[in-house]
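Just below is one structure, and these are the notes that go with it.
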């Protein structure tokens, strides 16, 4: 990401669930996206700053990494529903959903 200057990381939820240490996170992510996704954004930024410091990068590179709005974009949910199916589920307001075509 440092070399390509991309500010978003596409994160596959099935891949996240396949890794044993992050399986619990893959279950919590669709249910609590407002809490978990911003934390993931912050951790991504912290890791990139750590890499720059380990590589003894320049102050300009460090400043650039701290200023960019890093985004983690989860995808690949297996709970696909049609739009009509959501209208009768009031408890789905705060969840992340995958749309079927």
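Read-outs throughout are calculated quantities, based only on the coordinates presented, and are distinct from any laboratory measurement. In this text the structure is predicted, and so the values were computed from the model without any measurement. Here the Cβ positions follow ideal geometry from the backbone for every residue, glycine too, while neighbour counts run over all protein chains shown.
From the list 29, 48, 25, the lone residue that is surrounded by 14 or more Cβ atoms within 10 Å (Cβ to Cβ), touching a residue at least 60 places away in the same chain (Cβ under 8 Å) and part of a helix (DSSP H, G or I) is 29. Residues in segment 39-66 that are over 15 Å from the mean Cα position of the chain (by Cα) and under 15 Å from residue 8 (Cβ atoms): 65 alone. Within segment 67-83, track down each residue that is in a loop (DSSP other than H, G, I, E, B) and over 10 Å from the mean Cα position of the chain (by Cα). Passing the criteria: 68, 69, 76, 77, 78, 79, 80, 82. For segment 2-18, filtering for residues that are without any contact (Cβ under 8 Å) to a residue 60 or more places away in the chain, part of a loop (DSSP other than H, G, I, E, B) and either in contact with a helix residue (DSSP H, G or I) (Cβ under 9 Å, 6 or more places away or on another chain) or closer than 17 Å to residue 66 by Cβ (or both) leaves 2.
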